[in-house]
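Only one structure is covered here, and it is reproduced in the block below.
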Amino acid sequence: MKTWKLLKEHPELWDRYFIREKIIKAIRRYLDDQQFHEVETPILIAHPPAESHLEVFETQLLDRNGQATPAYLSTSPEVPLKKLMVAGIGNCYAITKSFRNMETQGNLHNPEFTILEFYRVGADYMRIMEDTEQLIVSIARFVNRGSLIVSYQGKPIDLTPPWERLSVAQAFKKYAHVHFDEFLDEKKARAIAQKKGYTIEASTTWEQLYNQILLNEIEPRLGRGKPTILYDFPSSMAALSKKKTSDPRLAERFEFYIAGLELGDCYSELTDAKEQEERFKKELHEIQRLGKTSYDYDHDFINALKVGLPKCSGIAIGVDRLIMLFADARDIADTLFFPAGENG
């Protein structure tokens with residue numbers, strides 16, 4: 001049934017959908033109090049960030065003479081915000097629509113979604129962990145009548161900081177019984193995954209092996225009873241993140257989970273233009289290998305990095321999934337007035 005019809009027949013459901021506006025108000029209140037500037041970023045762009053795990057929406061931009069140039073729907077507001085940080089805007093954020101193709105299946109994805117991204121100058125990912133805890137606490141107090149205990153699918157979650165902090169290596173050991181140092185070796189990783197019963201083909205990449213274990217054995221167990229911050233990801237899984245000085249195999253990246261929902265993704269941002277360009281080229285090669293929509297990377301962003309992106313860290317948070325949490329909704333479609341498939 002179309003959502004508008006459902007709401008017409010069951011007006012008691014309006015409260016669930018109005019949680020969206022409460023959460024967005026709470027986000028703005030927290031970041032405005034922290035002296036962040038809110039920015040409107042473009043949705044129609046010439047160059048998406050080169051990330052091989054994503055598929056983009058491609059279209060055409062026509063001039064007055066009907067001459068076409070490629071254009072794409074933005075997958076995130078990250079690059080425009082970073083260009084403004086190079087220009088000197090300081091701490092900033094955007095709450096905007098973003099688009100990722102091939103995300104119409106499952107209860108956690110919608111190809112058109114609302115994303116929050118904020119960046120703090122002078123910070124690293126450890127500082128953003130604290131920001132994230134305080135942001136979610138601020139939202140809970142506004143939306144959940146002051147309580148930091150939320151119930152999701154019958155299970156209570158205590159949002160009170162500090163949250164559980166678990167490195168990827170610790171999570172692999174705790175939940176998958178895998179020594180991550182061994183798994184970083186592709187030959188050993190293939191043997192480990194095969195022993196576990198995963199399907200392994202000649203074309204299977206290390207990243208696919210990693211994701212099989214992460215998605216099946218680790219993620220569902222995170223954020224149970226209390227939120228979990230999962231940190232220090234493999235550097236190959238963080239195209240725009242700074243590598244750890246103490247171990248370049250890893251990146252200064254974290255994700256946070258509540259009740260098994262992955263809600264946000266943070267990097268200590270890469271500021272080296274040469275390294276960023278090399279990573280983009282590698283990602284574009286992988287995009288072509290996978291047969292996904294091919295495009296050129298944003299050369300203007302590389303030029304901006306050459307001018308100088310200040311040390312900073314930022315996080316992308318899925319607003320729709322936050323709404324799922326506070327609305328106790330199992331399906332992301334139940335948080336949207338017009339989910340994919342209802343636009344006809």
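No lab work stands behind these numbers, since they all come straight from the coordinates. None of the values given here were measured: they were computed from a predicted structure. Note that we place each Cβ from the backbone using ideal geometry, even for glycine, and neighbour counts take in every protein chain shown.
For the chain, list the DSSP H helices whose alpha carbon atoms reach 15 Å or more along the long axis and whose average Kyte-Doolittle value is 0.0 or above?
Helices meeting the criterion: 125-143.
Can you put 246, 76, 313, 138 in order, fewest other beta carbons within 10 Å first?
If I rank by nearby Cβ atoms, fewest first, I get 246, 138, 76, 313.
Which percent of Cα pairs goes in each bin when the distances of the range 150-213 are cut into 5 angstrom slices starting at zero?
Per 5 Å bin, starting at zero, the Cα-Cα P(r) for the range 150-213 comes out as 4, 15, 23, 16, 11, 10, 10, 9, 2, 0 percent.
Which value results when the Cα radius of gyration for the chain is divided by 2.2 N^0.38 Å?
The chain yields a ratio of 1.01.
Normalised by the number of residues in the range 12-92, what is the relative contact order in percent for Cα pairs under 8 Å and 6+ residues apart?
Once divided by the residue count of the range 12-92, the mean separation gives 31 percent.
Relative contact order of the range 36-81, please, whole-number percent, based on alpha carbon pairs below 8 angstrom and at least 6 residues apart.
Computed over the range 36-81, the figure is 46 percent.
Would the range 102-225 count as rounded, prolate or oblate if I go by the C-alpha gyration tensor, calling it rounded below 1.5 in a/c and otherwise prolate when a/b exceeds b/c, oblate otherwise?
Prolate shape, in that a/c is at least 1.5 and a/b is the bigger ratio.
Taking a temperature of 4 °C and a viscosity of 1.567 mPa s, what whole-number D in µm²/s does Stokes-Einstein yield for the range 90-145 with Rh from Kirkwood over alpha carbon pairs?
Result for D is 95 µm²/s.
Could you tell me, in Å, what Rg and Dmax come out for the Cα atoms of the range 15-85?
Rg, Dmax (Cα atoms, Å): 16.7, 49.
Once you order the gyration tensor axes a ≥ b ≥ c over the Cα atoms, which shape class does the range 177-256 get: rounded for a/c under 1.5, otherwise prolate or oblate by comparing a/b with b/c?
oblate
Averaging sequence separations of C-alpha pairs under 8 Å and six or more residues apart, then dividing by the length of the chain, give the relative contact order as a whole percent.
22 percent
Do any of 83/274; 173/196; 173/281; 22/243; 155/195; 196/292 go past 25 Å between their Cα atoms, and which?
Pairs exceeding the cut-off: 173/281; 22/243; 155/195; 196/292.
Please return the longest range in the chain lying between exposed loop sites, taking GluC sites (Glu not before Pro), DSSP loop only, at most 11 other beta-carbon atoms within 10 Å, and leaving the sites out.
For GluC sites (Glu not before Pro) (loop position, at most 11 other Cβ atoms within 10 Å), the longest site-free span of the chain is 41-200.
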